[in-house]
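Structure, as structure tokens:
The values are calculated or read from the model by the stated rules, or taken from the named source; none is laboratory data. Just so we're clear, the structure is a prediction, and the values are computed from it rather than from any experiment. Neighbour counts are summed over all protein chains in view; Cβ atoms, including those assigned to glycine, are modelled from backbone coordinates with ideal geometry. To get the accessible areas, we keep the full protein, side chains included, count just its heavy atoms, and leave off ligands, DNA and RNA. Shrake-Rupley method; radii C 1.70, N 1.55, O 1.52, S 1.80 Å.
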Amino acid sequence: MKTLLKEMRHNPLLWLLAFVPVVLAAAKLKPEAHTLLFVLSVFAIVPLAALLSRATESVAAKTGDAVGGLLNATLGNLTELVIALTALRAGEYMLVKASIAGAIVTNTLFMLGASFLLGGLKYHMQEYNRVNARVQAGLLFLATIALLIPSLVSQPGSTVAAPIVQELSVGLAVLLIVAYALGMVFSLVTHKEEFASVAHGEEGEAPWPVGLAVMTLAGVTVLVALVSEIFVESVQKAAESFGMSQAFVGFIVVALVGGAAEMASAFSGARKNRLDLSVGIALGSASQIALFVAPVLVLASYFIGPTPMDLQFWLGAVAMMFFATLTAALVTNSGRSAWFAGVLVITVYLVFAMALYLLPPREQQLGKSVEAMEQQSK
Amino acid sequence: MKTLLKEMRHNPLLWLLAFVPVVLAAAKLKPEAHTLLFVLSVFAIVPLAALLSRATESVAAKTGDAVGGLLNATLGNLTELVIALTALRAGEYMLVKASIAGAIVTNTLFMLGASFLLGGLKYHMQEYNRVNARVQAGLLFLATIALLIPSLVSQPGSTVAAPIVQELSVGLAVLLIVAYALGMVFSLVTHKEEFASVAHGEEGEAPWPVGLAVMTLAGVTVLVALVSEIFVESVQKAAESFGMSQAFVGFIVVALVGGAAEMASAFSGARKNRLDLSVGIALGSASQIALFVAPVLVLASYFIGPTPMDLQFWLGAVAMMFFATLTAALVTNSGRSAWFAGVLVITVYLVFAMALYLLPPREQQLGKSVEAMEQQSK
Amino acid sequence: MKTLLKEMRHNPLLWLLAFVPVVLAAAKLKPEAHTLLFVLSVFAIVPLAALLSRATESVAAKTGDAVGGLLNATLGNLTELVIALTALRAGEYMLVKASIAGAIVTNTLFMLGASFLLGGLKYHMQEYNRVNARVQAGLLFLATIALLIPSLVSQPGSTVAAPIVQELSVGLAVLLIVAYALGMVFSLVTHKEEFASVAHGEEGEAPWPVGLAVMTLAGVTVLVALVSEIFVESVQKAAESFGMSQAFVGFIVVALVGGAAEMASAFSGARKNRLDLSVGIALGSASQIALFVAPVLVLASYFIGPTPMDLQFWLGAVAMMFFATLTAALVTNSGRSAWFAGVLVITVYLVFAMALYLLPPREQQLGKSVEAMEQQSK
């Protein structure tokens, strides 16, 4: 606790923690003030993310970057999982799917690209363990193919009935979870020496004691989950008043704020020349959402949702996931990075964001167009 | 002959060879007993595959792994060629195309993935010559693009007439055969030193004399062709009684049993740490089907088929070939392999197999849907 | 001037320069004689290309291959830019887009592949700086994704209005130009040591004095632009009388002749074992067209065109650009090349050329089919 208070004195950003109780109270008292809640929740998430990042680094200092990256990705995605389960219970499958696809694309392109850029602006050339990058990119590539299949099978003109898509989604969910589990066995048990960091970079501040770090991780994760929920509820309405399309909100805004904690850790790692940590968080988080969070949601929908959820995405989302994965696979292939690699990856993200932003605000056009063709083909 | 008998005494699997005359006799006497013939033919193919594998290894011990892999792929694909020519004469172009696409996908994903997995379970990390893998993956990639073009050109809404697709198919067939021939010149003549094996691994049993090995190769190949034909005839009917879809049978079951001989060799090579042999058989066999068997069938259809055959596949098949090739290219890029690479590649195969299995049994839905759109667009 | 005359005496090809005034005069006197003008302009472009190549090499000898490649690509594409601006003023957007897509595909596949092949026939194995190849392939990949988005967004069944596609195109144009400018900062300023040539190969003839070389570059570029314009005007009509389709002319013939100057330099570099120069010209030229010429044309269309031009290509063109880029990325990954790499890349080009050639001569079928679906979906 003393360490925590000392930390607060040194880092004025943490004073924003005062917004956490404020936003929780405001959500109780004024649940209709969407724009206010939106602003308050963003201010509350930022310091929580910073705290989470600091605690994760302390744990990673003890466990090595690969385990630290996995830990960070898992705790970061716990937030996404909690949010998605809430939406699932309400039957809002469109939002669940948009946030899954958005999180994969944002982590793969924005988090990875910004890490390369931020690291590259400080260091001329950075190296990282390409075995880890390859395994994660391989897992992501596999997941993208799996998510593509239900969308391909049930395209316009197809007479494949919904029950078959549902059956297929359950089968794919099981396959993906098994592949993810085996990937963990590979990276943490049988071949863990391959995942050692290539360079340790600056050590930065003295790490916290492990006990404090783990407790902080647990407590802050719960707070992030609570505040994120308020954020997601308010963002939809607030975005409408700013004139953003639903697709843009689900894909970009939710994903960026939902991943703020992981991003803080990834960017801080890149600035300390620990690109292994950054790449581990970015690609690890994306592949965890694709191979663990999404399948768990499909299986959970049988117990807590009004109807089962399938893995069928709109074609635009699948295309973006495919190109994001291919970009990451090609870029991380060399195990070296300079600032321009970051520019390239971020620009692909900006291309997607621009397309989603310009779609008409009231309708998710890419989704609509598929439905339109389905109507037509009947 | 004495060597062959000694081999039989040591390897009880070869006792199954007794099923070869049984299935040939049964096919004469009871051509209607499809399920019986199906089971008998599978039991007969297994020992023939084992024998073929043993003989190929003996030849490969003399010629080096690259030539051994080519030899094995060629003899293994002779089977596929014989079967396809039979189907061609009967005008069953749908079956011919399904077995071509299925063989490419099965060899690229299942045979390669299972080799990585089986080798990786025994050895911590295996290395192989990535030049060979790259050339084969490059050839496969080229072939996939070529097979994609006729399908793209004649999509729904297109007014491109069938004669143009036919002309295009003949032109592509000639291009592919020329590229394949030049690939052989490259790997066997001008740059053969680049294709040397990186590690020779265990030698295993003493190799047979070359004369015996070559004679066994020739004789067993003929027997495999005979039994395979019975298998293909019976499998369609037998599969229906098991409730499998036509797409699943053509793509998965026929390809797996048709490739049993090559698989036995590839897996045995992987277990002996001779991954060059395994990769050579898997990718070499796939690229040979794409660049040699398929084009030859197009050209042969002018002489022996009722009408000329084109290279237009249903979109689902083309998509699977494209993703299979891309997966192989990305995975074999490093020249190193551990068990998890096998898991990744096999899982992609399982995703495809699952989608094909769940399609309604009576209709090849993915093919149907394209036809439906074509109808609609007229 | 004396150097130039000495050059002419040694190189009989340069005597063809006599065709330059002839074609300029013929275009004034007989503007209707399309087939004659077509033949004359080809004869005039060849020696100009040779001269341009010689001058560029002289500059490159002073500046290093990376800068030389950039210089060559820029001056070579000046031609394409001038031609496209002329077509833009006339409102012929179809021709502008076909020549953009064709130039990207031709440079990426034919120019790169022929360089590998020509170099590989002389040298057993050639090495080149893969950092440059990777950056260019990365830029190209990014551009392909950007060009794909407007085509995906406005697919059949979509209700996305033309103004949105136009807005999106302007946004993408700005993004691409910024990425291209940053790429130049990266390769010429911050990380220029990474772009040094790996091997310098033969020096060949003595380089010209820089002053003469630069003046020749400037003068010949103007002449190429003048003659190219006559060529483009005549080729359309001449091609019709030869029975070629519009798609084939725009994509293949215009791109091949328009790129003749760069090709002469690239091939000459490959024959002198300076593959860095060849790869720099081929991929650099392609990425410059995608990230600089095409966006500039979109922005320029607001000032000089009858209506603004968007970045929406027909799907076949986008598919070919995507496969061309992916092929280049996979092939240049290793930094080594032998003749067969050239065969593979050229064969992909021949597959595309064959498909375009066989399309019915009067109609750009792939474009038509998209329009047909759009009609249908209304």
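Remarks
- Looking across the range C:22-34, not a single residue is open to solvent by 60 Å² or more (accessible area, probe 1.4 Å) and under 25 Å from the mean Cα position of the chain (by Cα).
- On the stretch given as the range A:1-21, residues that are open to solvent by less than 70 Å² (accessible area, probe 1.4 Å) and either part of a helix (DSSP H, G or I) or at pLDDT 85 or above (or both) total 10.
- Yes/no for residue C:296 being closer than 27 Å to residue C:355 by Cβ and at pLDDT 85 or above: no
- Scanning the range A:329-346 for residues that are more than 8 Å from chain C (Cβ to nearest Cβ) and under 14 Å from residue C:175 (Cα atoms) yields A:345, A:346.
- The set of residues from the range B:237-270 being open to solvent by 50 Å² or more (accessible area, probe 1.4 Å) and either without any contact (Cβ under 8 Å) to a residue 60 or more places away in the chain or outside any helix (DSSP H, G or I) (or both) comprises just one member, B:242.
- For the residues B:52, B:109, B:88, the requirement of being modelled with pLDDT of 75 or more, in a helix (DSSP H, G or I), open to solvent by less than 40 Å² (accessible area, probe 1.4 Å) and closer than 26 Å to residue B:216 by Cα singles out B:52.
- Answer residue from the range B:271-281, given it is basic (Lys, Arg) and not in a helix (DSSP H, G or I) and is nearest to the chain's Cα centre (by Cα) among those: B:274
- Cβ separations smaller than 7 Å between residues 6+ apart or across chains give the following pairs from the range A:69-87 residues that are of a type in the set (Asp, Glu) to residues that are surrounded by 18 or more Cβ atoms within 10 Å (Cβ to Cβ) and modelled with pLDDT of 75 or more: A:80/A:99; A:80/A:103; A:80/A:258; A:80/A:289; A:80/A:293.
- Looking only at the range B:331-342, residues that are over 20 Å from the mean Cα position of the chain (by Cα) and assigned to a helix (DSSP H, G or I) come to 5 in all.
- Residues in the range A:112-128 that are open to solvent by less than 20 Å² (accessible area, probe 1.4 Å) and part of a helix (DSSP H, G or I) were compared, and the one that is nearest to the other protein chains (Cβ to nearest Cβ) is A:120.
- Those residues of the range B:343-378 which are at pLDDT below 75, open to solvent by less than 30 Å² (accessible area, probe 1.4 Å) and not in a loop (DSSP other than H, G, I, E, B), in sequence order: B:365, B:366, B:367, B:369, B:370
- Residue B:162 vs. criteria over 24 Å from residue B:329 (Cβ atoms), within 14 Å of chain C (Cβ to nearest Cβ) and at pLDDT below 85: yes
- Looking only at the range A:185-197, and only at residues there that are of a type in the set (D, E, K, R) and in contact with a helix residue (DSSP H, G or I) (Cβ under 8 Å, 6 or more places away or on another chain), the one that is most open to solvent (accessible area, probe 1.4 Å): A:192
- With respect to (1) in a helix (DSSP H, G or I); (2) modelled with pLDDT under 85; (3) within 7 Å of another protein chain (Cβ to nearest Cβ), the lone exception for residue B:151 is condition (3).
- Members of the range B:169-184 that are open to solvent by less than 50 Å² (accessible area, probe 1.4 Å) and either over 20 Å from the mean Cα position of the chain (by Cα) or aromatic (Phe, Trp, Tyr) (or both): B:169, B:170, B:171, B:172, B:175, B:180
- Pairs, first over 18 Å from residue A:93 (Cβ atoms) in the range A:157-168, second outside any helix (DSSP H, G or I) and at pLDDT below 80, C-beta under 6 Å, six or more apart: A:157/A:377; A:160/A:154
- The residues of the range B:129-147 that are open to solvent by less than 10 Å² (accessible area, probe 1.4 Å) and more than 10 Å from chain C (Cβ to nearest Cβ), listed by number, are B:133, B:140.
- The range C:307-328 - residue that is among the β-branched types (Val, Ile, Thr) and farther than 16 Å from residue C:284 by Cα and, of those, most open to solvent (accessible area, probe 1.4 Å): C:307
- Every pair of residues 6+ apart whose Cβ atoms lie under 7 Å, when the first sits in the range B:1-21 and is farther than 16 Å from residue B:58 by Cα while the second is among the charged types (D, E, K, R): B:14/B:7
- Residue that is farthest from residue A:132 (Cα to Cα), among those in the range A:310-326 that are within 7 Å of chain C (Cβ to nearest Cβ) and in contact (Cβ under 8 Å) with a residue 12 or more places away in the chain: A:316
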